[in-house]
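Step one of this worksheet: look at the structure below.
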Amino acid sequence: MRNWLLPEHIADILPATARQVESAKAAMLEQFRTAGYELVSPPLIEYIEALVSEDDGALDIKTFKLDDHLSGRQLGLRADITPQVARIDAHLLSERTGVTRLCYAGSVVHARPNGLMSSREPLQVGAELYGYAGIEADLEVIGLMLDALRLGGVENIRLDVGHIAIFRGLVAAAALDATSARELFAALQSKDGATIRELVAGVAEPYRSAFIALPELYGPASMLESARSRLPSLPEIELGLMQLSAIARALQGKVELSFDLAELRSGFYHTGLLFTAYAPGWSDALARGGRYDNVGRRFGRARPATGFSLDLRDLIRILPARHPARGIRVAARQLPDASNEVARLRATGEIVVLDYLGESAEALGCDRELVATSEGWQIVPFH
Amino acid sequence: MKLTIALSKGRIFEETLPLLAAAGIVPAEDPESSRKLVIDTNHEHVKLVIVRASDVPTYVQYGAADLGIAGRDVLIEHGGDGLYQPLDLNIARCKMMVAVSNDFDYEAAVKHGARLKIATKYPQIAREHFARKGVHVDIIKLYGSMELAPLVGLADAIVDLVSTGNTLKANNLLAVEHILDISSRLVVNQAALKLKYSTIQPVLDAFASAVPA
């Protein structure tokens, strides 16, 4: 019997990596804390209606469902923490009318993996800011996201920024029905110019040309100028391009920056700016975020919101393993005499390992040992 | 910056050569005669990897190659998740068709509401096509010699690529329905387009300007 076999896309995190994951998580949460983000820890299971909004098919298919024998209702195993945090802001913290900053770190479970190399149990770390619609809030969250990635050890980050209101504005102005909008959305996500041309064949100008232009509007900040000339001047588009230019001005020189007006992949619930982080070595985005105003409406309180999240497991997968810290060996026969010294060393943060079998330095993970001398306990090299 | 392009041997490779030439890329060897799977080019930083046509999207999706050229048929079957498909290259053109044996009355069978057995290498395209028509089908996935299936009673119809129609004719089959026009697309890894923009965009532009009409 192969009872040790794990399900597909499910893996243990083994010693060295587990420590690396844990310290990266702690560093990120500490960084969030000092920026005023309060930690929340929502439950693993909830009623399905709270976890997945009715029209979010993609999240629905990713969510494991189970029956609650206590209530007879259906529960879901969370596949995304963002809706849970939105529920907390909308409902439990509803007496707060100002800005609320929340952060979290926890496992989510996906019934279907995001990709062939994705874990079905991502470790989602993220931060959300509620109650302020200004672009300053988006910049705050982008800064937090970049810092979190750098803390995790990622270098040469490229930030790609888009704006979903530009697409939504065009859809509304061209009066497209929901099905056509969905098909266009899918074709835009893959910059599938040929399919977009087919789909918009019957759409009135100037919207037809605008949809055809969208997949070509990506690249450095200078692209925003050509976007201005190629897209009609709808209020949503004016505002979107203005916000993107503001982002360009604020972040120029601080991070490798690019823009993409057809990048809509971040999420179903987004309403405004979208930001995605890439880095050499990862074949997909490392962290995603954006503005999702009114996400709390279905919980009874609509208000501005922006945030980001990343999968710490995916992050650690590519990073070079760090050499774990080496410890101090103490031969077990030296106890109980050495007890006080061992306790003292451990209190300073040293790893102190009791050696029962007389093992090698390699096996014990130690590079020093504690020995008794005429002058008391001394630490000497151990090979 | 390094650039890896995934290609399949045969027709796609032949018809891609002029596009590569437009981007100033010339392969150092001919994959038909070489056994190498990684082929150098006249540029130090550009490599070609030779893979099966149906594997091209997988290599590009996971970043093993930055760019690739794959048929629309292959992309639909793969799902195309996580790939950009910015350019229809208008090469390796053919049609995805439904074909039946000369003596099978397809119209009547469909009208009748019969449940059809369909042999195909393209289950995704076949399933989607018949679902849109409102016809119940059982899909039999085959890997080659599709034309045999109706002749030996394995299937009522086949869904397959047709370029000249000669194979159908030689086996007493008749194309009865046109599903899709197929041609090859340029596919790009999404992270690569962002991270290697300045290397990839000129190649994309060169390809776009050289696409045959």
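We did not get these values from a lab; they are worked out from the coordinates using the rules stated. Just so you know, these numbers come straight off a predicted model, no measurement behind them. Neighbour counts are summed over all protein chains in view; Cβ atoms, including those assigned to glycine, are modelled from backbone coordinates with ideal geometry.
Read phi for every residue in region A:92-100 and hand back ³J(HN,Hα) as whole Hz from Karplus 6.51 cos²θ - 1.76 cosθ + 1.60, θ = phi - 60°, with x for Gly and Pro.
For region A:92-100, the Karplus-derived couplings read 6, 10, 6, 6, 7, 9, x, 7, 10 Hz, x marking Gly and Pro.
From the backbone phi of region A:306-318, what are the Karplus-calculated ³J(HN,Hα) couplings (6.51 cos²θ - 1.76 cosθ + 1.60, θ = phi - 60°) in whole Hz, Gly and Pro given as x?
8, x, 8, 8, 9, 9, 5, 5, 5, 4, 6, 3, 9
Among A:343, A:363, A:331, whose Cα sits farthest toward the positive end of the charge dipole of region A:327-381 (+1 at Cβ of Lys/Arg, -1 at Cβ of Asp/Glu, about the Cα centre)?
Farthest towards the positive end: A:343.
Residue A:62: which aspartates and glutamates have alpha carbons under 12 Å from its alpha carbon, excluding same-chain residues fewer than 8 sequence positions away?
Answer for residue A:62, where 12 Å is the Cα cut-off: A:80, A:121, listed by chain and number.
Along the Cα→Cβ direction, 7 angstrom out, place labels at residue B:109 and residue A:362. What is the inter-label distance in nm?
6.7
Once you put a point 7 Å from the Cα of residue A:112 and another 7 Å from the Cα of residue B:14, both along the Cβ direction, what distance in nm separates them?
Placing both labels 7 Å beyond Cα along the Cβ direction yields 3.8 nm.
Among A:99, A:199, A:270, whose Cα lies farthest out toward the positive end of the dipole of chain A, if unit charges sit on the beta carbon of Lys, Arg (+1) and Asp, Glu (-1)?
Result: A:99.
Using +1 on the beta carbon of Lys and Arg, -1 on that of Asp and Glu, and nothing else charged, what's the dipole of chain B about the Cα centre, debye to 20?
Working: 22 positive and 24 negative charges, 71 e Å.
Approximately 340 debye in magnitude.
On a straight-distance basis, which lysines could pair with residue B:111 in a cross-link, Cα separation under 17 angstrom, same-chain partners fewer than 8 positions away excluded?
B:133
Over the C-alpha atoms of region A:158-278, what are the Rg and the largest Cα-to-Cα span, Dmax, in Å?
13.6, 43
Going by average Cβ density within 10 Å per residue, which order do the peptides B:45-56, B:125-136, A:66-77 take, highest to lowest? Walk me through the numbers before you get to the answer.
Numbers: B:45-56: 19.3, B:125-136: 14.9, A:66-77: 12.6.
So the order, starting with the most tightly packed, is B:45-56, B:125-136, A:66-77.
On a C-alpha basis, how far is the centre of region B:56-81 from the centre of region A:10-65 in Å? Whole number, if you could?
Measuring centre to centre over Cα atoms gives 30 Å.
Show the residues, 5+ positions off or on another chain, whose built amide H is closer than 5 Å to the amide H of residue A:46.
The answer is A:76, A:78.
Considering the alpha-carbon set of region A:68-226 alone, what are its Rg and its Dmax in angstrom?
Expressed in Å, the Cα Rg and Dmax of region A:68-226 come to 20.0, 59.
With charges set only on the Cβ (+1 for Lys and Arg, -1 for Asp and Glu), what does the dipole of the protein assembly as shown come to about its Cα centre, in debye to the nearest 20?
For this selection, approximately 160 debye.
Using only the alpha-carbon atoms of region A:275-383, report the extent along each of the three principal axes, biggest first, to the nearest angstrom.
Principal-axis extents of region A:275-383 (Cα, largest first): 71, 35, 23 Å.
Based on Cα coordinates alone, diagonalise the gyration tensor for chain B, multiply each eigenvalue by 5, take square roots, and list the semi-axes in whole Å, largest first.
37, 17, 14
Which pairs in the list A:191/B:194; B:36/B:141; B:47/B:196 are over 21 Å apart, alpha-carbon to alpha-carbon?
Table pairs above 21 Å Cα-Cα are B:36/B:141.
With the dipole of the protein assembly as shown worked out from charges on the C-beta (+1 for Lys and Arg, -1 for Asp and Glu) around the Cα centre, which of A:26, A:132, B:186 lies farthest toward the positive end?
A:132
Would you give the gap between the C-alpha center of region A:92-109 and the C-alpha center of region A:283-333, rounded to a whole Å?
Region A:92-109 and region A:283-333 have Cα centres spaced 16 Å from each other.
For labels at residue B:30 and residue A:246 in the simple 7 Å Cα→Cβ model, what's the distance in nm?
6.1
Give me, ordered by chain and number, the residues 5 or more places off residue A:64 or on other chains with an amide H under 5 Å from its own placed amide H.
A:77, A:111
Which FRET efficiency value, to the nearest 0.05, is calculated for residue A:70 and residue B:131 with the Förster distance at 41 angstrom and r the Cβ-Cβ distance?
On the way: r = 40 Å, r/R0 = 0.97.
Given R0 = 41 Å and the Cβ-Cβ separation, E is 0.55.
Across peptide B:80-87, what mean number of C-beta atoms from other chains lies inside 10 Å of a residue's C-beta?
Numbers: counts 4, 5, 9, 4, 8, 8, 9, 4.
Partner-chain Cβ atoms within 10 Å, mean over residues of B:80-87: 6.
How charged is the neighbourhood of residue B:94? Take every other residue with its Cβ under 11 Å from the Cβ of residue B:94, and add Lys/Arg as +1 and Asp/Glu as -1. Present the calculation step by step, with values, prior to reporting the outcome.
Values: positive: B:11, B:72, B:93, B:95; negative: B:73, B:160, B:181.
Counting the neighbours of residue B:94, the net charge comes to +1.
I'd like the mean, over residues of A:218-231, of how many other protein chain beta carbons sit within 10 Å of each residue's own Cβ.
Partner Cβ neighbours, averaged per residue: 1.
Over all residues in A:368-376, what is the mean tally of Cβ atoms on other chains that come within 10 Å of each residue's Cβ?
0
Please find the FRET efficiency linking residue A:150 to residue B:166, where r is the Cβ-Cβ separation and R0 is fixed at 51 Å, and quote it to the nearest 0.05.
Given R0 = 51 Å and the Cβ-Cβ separation, E is 0.25.
Report the charge-dipole magnitude of region B:94-181 in Debye, nearest 20, computed about the Cα centre from +1 at each Lys and Arg Cβ and -1 at each Asp and Glu Cβ.
Using Cβ point charges on Lys, Arg, Asp and Glu, region B:94-181 gives about 220 debye.
Quick one: Cα centre-to-centre distance for region A:176-252 and region A:336-379, in angstrom?
Using only Cα atoms to place each centre, the spacing works out to 65 Å.
For chain A, set up a GNM with springs between Cα atoms under 10 Å and report which of A:253, A:153, A:134 has the largest fluctuation.
In this elastic network of chain A, the residue with the biggest mean-square fluctuation among A:253, A:153, A:134 is A:253.
Please sort by residue number the GluC sites (Glu not before Pro) in region A:1-51 whose DSSP state is loop and whose Cβ has at most 13 other Cβ atoms within 10 Å.
On the way: sites: A:8, A:22, A:30, A:38, A:46, A:49; in loops: A:8.
When the GluC sites (Glu not before Pro) of region A:1-51 are filtered for loop state and at most 13 Cβ neighbours within 10 Å, A:8 remain.
What are the extents of the Cα atoms of chain A along their three principal axes, listed from largest to smallest and rounded to whole Å?
That gives 92, 56, 49 Å along the principal axes, largest extent first.
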